[in-house]
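To start, the structure itself, in structure tokens.
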């Protein structure tokens with residue numbers, strides 16, 4: 001069970017580098033500032049509406065929906081950035097530092113080393129994604145009364161986006177140096193986001209552009225996972241809310257329909273197969 005040992009060492013290394021402490025402090029500060037802003041904004045909006053003789057209940061609910069989308073978009077960016085910067089050196093960086101030269105002669109298979117490190121970072125980032133998402137949703141619910149009907153489905157999509165990015169970084173780490181790994185991850189992540197904007201702006205009849213953006217989504221499915229999450233952040237029945245229609249939430253940053261089962265299956269395979277390829281490559285790589 002060497003992979004359990006490597007997973008434990010990965011978690012201990014994160015603690016030793018005070019990664020958990022730094023993440024906790026910065027996250028707490030961000031949540032406090034976010035809560036203060038939401039409190040001030042909702043109080044002012046409700047006071048103005050009451051002063052004008054209007055019921056603030058429904059507008060506050062609308063505000064909660066909009067703030068939820070923006071807040072979870074921030075979560076998506078934060079976890080993606082952390083995934084890139086925390087994990088780009090987990091293979092190539094250890095090779096460059098000569099760490100694996102010491103570890104590999106031990107009674108550990110190379111496959112266990114890579115799987116253990118991947119699992120350790122997946123646990124750290126997965127737990128952080130869950131807690132950060134629930135914290136933002138809880139603050140928004142406290143001040144606006146809005147809680148997404150399918151909140152955990154949305155969080156699941158965010159977890160998938162993290163695993164997809166982690167899978168890509170794991171693969172590249174077994175083939176290219178650390179700096180190149182970071183560049184590849186950032187460029188593909190940004191390219192997926194830009195392609196979704198282009199796809200929204202270009203008419204659906206332009207099949208060439210639509211096909212190109214579809215290929216980009218297959219190469220880097222992170223943005224597709226975000227759009228899947230955004231769908232589950234809206235109320236289960238949008239039409240029951242007055243003046244709140246499906247067309248009103250059709251933007252480059254949101255989705256009006258759930259992610260297709262085929263694309264979700266592709267993302268799952270993507271996040272699992274790429275680390276397996278990395279393991280196969282690492283077994284033959286000169287350390």
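Run lengths n ≥ 4 of DSSP H only: what is the helix-derived mean residue ellipticity at 222 nm for the chain, with -39500 (n - 2.57) per run over all residues, to the nearest 500?
It comes out at -26500 deg cm²/dmol, rounded to the nearest 500.
At a 10 angstrom cut-off on C-beta neighbours, averaged per residue, how do the peptides 158-165, 49-56 rank from highest to lowest? Provide the component values of the computation, followed by the final result.
Working: 158-165: 25.0, 49-56: 10.9.
Highest mean packing first, the order is 158-165, 49-56.
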| Neighbour-count order for 281, 16, fewest beta carbons within 10 angstrom listed first | 16, 281
| said: Just to verify a number: FRET efficiency for residue 284 and residue 208, C-beta to C-beta distance, R0 = 45 Å, to 0.05? | reply: 0.70
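Provide 227, 39, 150 in ascending order of the number of other Cβ atoms located within 10 Å of each residue's Cβ, fewest first.
Values: 227 21, 39 13, 150 17.
Taking fewest neighbouring Cβ atoms as first place, the list is 39, 150, 227.
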| task | Give the angle, between 0 and 90 degrees and rounded to the nearest 10, that separates the Cα long axis of helix 222-233 from the longest principal axis of the Cα atoms of the chain. | result | 40 degrees
| note | For the chain, the longest principal axis of the Cα atoms and the Cα long axis of helix 110-144 enclose an angle in degrees, to the nearest 10, of 10 degrees
| task | Report relative contact order for the stretch 2-284 in percent, whole number only (criteria: Cα-Cα under 8 Å, sequence separation at least 6). | result | 25 percent
| remark: In nanometres, the difference between 0.36 nm per residue of separation and the alpha-carbon distance of residue 194 and residue 50 is 47.7 nm
| query | Helix 207-219 sits at what angle to the longest principal axis of the chain, using alpha carbons and giving 0 to 90 degrees rounded to 10? | reply | 50 degrees
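When 198, 273, 75 are ordered from fewest to most other Cβ atoms inside 10 Å of their Cβ, what list results?
Details: 198 15, 273 12, 75 22.
Listed from fewest to most nearby Cβ atoms, that is 273, 198, 75.
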| remark: In the list (i) 1.04; (ii) 0.97; (iii) 0.93, the entry giving Rg/Rh (Cα atoms, Kirkwood Rh) computed from the coordinates is (i)
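Taking 0.36 nm per intervening residue step and subtracting the Cα-Cα distance, what contour gain separates residue 25 from residue 273 on full extension?
On the way: separation 248, 0.36 × 248 = 89.28 nm, distance 3.47 nm.
Additional length available on full extension: 85.8 nm.
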| query | Say each of residue 9 and residue 130 gets a label point 7 Å from the Cα, pointing the same way as Cα to Cβ; how far apart are those two points in nm? | reply | 2.6 nm
| query | From the square roots a ≥ b ≥ c of the eigenvalues of the alpha-carbon gyration tensor of the stretch 1-79, which class results: rounded (a/c under 1.5), prolate (a/b over b/c), or oblate? | reply | prolate
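Each value in this text was obtained by applying a stated rule to the coordinates, not by laboratory testing. Because the structure is predicted, anything quoted here is derived from the model rather than measured. All Cβ positions, glycine included, derive from the backbone under ideal geometry; neighbour counts span all protein chains shown.
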